[in-house]
Amino acid sequence: MPVVVPDVSEDSFEVNSLLTEFGLHAYVGVPLLSDTDCIGVLYALDTAPRDYSANDVDFLATLAARASTAISKVQLYEKLRETNSILQSQAGDLAVRNADLDAFAHSVAHDLKNPLTSIMGYAEMLLDDYDLLEDEVRKEFLSIIAQRGVKMRQIVDELLLMSQLRNREVQLSPLNMQAIVDEAVHRLDAVCREKGAVIHLPKGWPPALGYAQWLEEVWTNYLSNALKYGGRPPEIWLGASKSDAESVRFWVKDNGPGLSAEDQKLLFLPFTRLHTTQEEGHGLGLSIVKRIVEKCQGRVGVDSTPGTGSIFWFTLPQEER
């Protein structure tokens, strides 16, 4: 309802000091209404006491109604503009997600198809010619089936980890990097023996913050790629140094053929697969590495020159000591 005060000195409420400071002695206030909400008050002020008539109040109420309508339209326009901006952003995100999903489906189908085809082929040979095959041959076929099954399980584990990375936030904590690297090397022990690989480890690691379980996957992926695409036999160096005042840079260097500048640009893009002369693709691995490190507030990258090997690196926040 409107409030009419002909003389502030006779107002039943405490006089606002601002009124007397500016020499005001009378006022009438009419609420600005948007639906049932009061969004403000329109005042008429006088420097002398005044008896406001009903026409004065009606005129001010008319102005207040128009002002309320104008303000409501502006607010509605701002809300519509904000909603439209959100929808455009969501549409852009959706387009990126759809493109990622297409690439994701292609990459996963490719990664699962090869071991599955191999499993089916050897299983069919066992079914068709089991009695004709020698024991050693049967054992070899079963061993290959088991190996391909392990490969498929690793791919599924990568998919589960990627799903976890999308929705989960973690609290960074001080790392025992030596223990993390030792575990990653242990996981690849059989591959190292098979390829005759030599891995050089530093005497110590600088303190850093991160999430140990995920970072073991980072080291495992970098080491696995160094074993795949390194020299024959692979020789691998691991190390770390301060990247700047706030972060530490960890790296894996191999003795492989190196990568072109064009390939380096593609490496960490989601689900991008490179074709090399030795083996095919990097699959999901480097995309997962990038997401893990970014969740840990770090960065990833590669330094490489054809013919001189590659250095894959990532940074983590430095632990305050």
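The values are calculated or read from the model by the stated rules, or taken from the named source; none is laboratory data. Note that the structure is a prediction, hence the values are computed from the model and not measured. Note that we place each Cβ from the backbone using ideal geometry, even for glycine, and neighbour counts take in every protein chain shown.
Can you pull out every residue in the range 27-67 that is charged (D, E, K, R) and either within 48 Å of the chain's Cα centre (by Cα) or outside any strand (DSSP E or B) (or both)?
Selection gives Asp35, Asp37, Arg50, Asp51, Asp56, Asp58, Arg66.
Has the range 153-168 got at least one residue that is in contact with a Leu (Cβ under 9 Å, 6 or more places away or on another chain) and hydroxyl-bearing (Ser, Thr, Tyr)?
There is no residue in the range 153-168 that is in contact with a Leu (Cβ under 9 Å, 6 or more places away or on another chain) and hydroxyl-bearing (Ser, Thr, Tyr).
Might you let me know whether the range 66-78 holds any residue that is in contact (Cβ under 8 Å) with a residue 12 or more places away in the chain and loosely packed, with under 10 Cβ neighbours inside 10 Å? First the steps, then the outcome.
The first filter runs over the range 66-78 and keeps only residues in contact (Cβ under 8 Å) with a residue 12 or more places away in the chain, leaving 67-68, 71-72, 75.
Filter once more, so that each one left must be loosely packed, with under 10 Cβ neighbours inside 10 Å: none.
For the range 66-78, residues in contact (Cβ under 8 Å) with a residue 12 or more places away in the chain and loosely packed, with under 10 Cβ neighbours inside 10 Å: absent.
State the number of residues belonging to the range 180-192 that are touching a residue at least 24 places away in the same chain (Cβ under 8 Å) and closer than 19 Å to Trp205 by Cβ.
From the range 180-192, those touching a residue at least 24 places away in the same chain (Cβ under 8 Å) are 180-181, 183-185, 187-188, 191-192; that's our starting set.
In the following step, the residues that additionally are closer than 19 Å to Trp205 by Cβ were identified as 180-181, 183-185, 187-188.
Of the residues in the range 180-192, 7 are touching a residue at least 24 places away in the same chain (Cβ under 8 Å) and closer than 19 Å to Trp205 by Cβ.
Report yes if Glu194 is of a type in the set (Asp, Glu), in the same structural domain as Gln297 (by TED's automatic domain parsing), surrounded by 18 or more Cβ atoms within 10 Å (Cβ to Cβ) and out of contact with any Ser or Thr (no Cβ under 9 Å at 6 or more places or on another chain), otherwise no.
So Glu194 does not fit the description; no.
Those residues that are surrounded by fewer than 18 Cβ atoms within 10 Å (Cβ to Cβ) and within 20 Å of the chain's Cα centre (by Cα), I need them from the range 212-246; list them, please.
Matches in the range 212-246: Ala212, Gln213.
For the range 128-143, which positions are among the hydrophobic types (A, V, I, L, M, F, W, C) and under 21 Å from Pro115 (Cα atoms)?
Residues satisfying the conditions are Val137, Phe141, Leu142.
Which pairs have Cβ atoms under 6 Å, sit 6 or more apart or on different chains, and link a residue in the range 219-236 that is without any contact (Cβ under 8 Å) to a residue 12 or more places away in the chain to one that is surrounded by fewer than 18 Cβ atoms within 10 Å (Cβ to Cβ) and not β-branched (Val, Ile, Thr)?
Going by the 6 Å Cβ cut-off, there are no qualifying pairs.
So which residues in the range 116-145 are surrounded by 12 or more Cβ atoms within 10 Å (Cβ to Cβ) and within 30 Å of Val218 (Cα to Cα)?
Result: Leu116, Ser118, Ile119, Ile144, Ile145.
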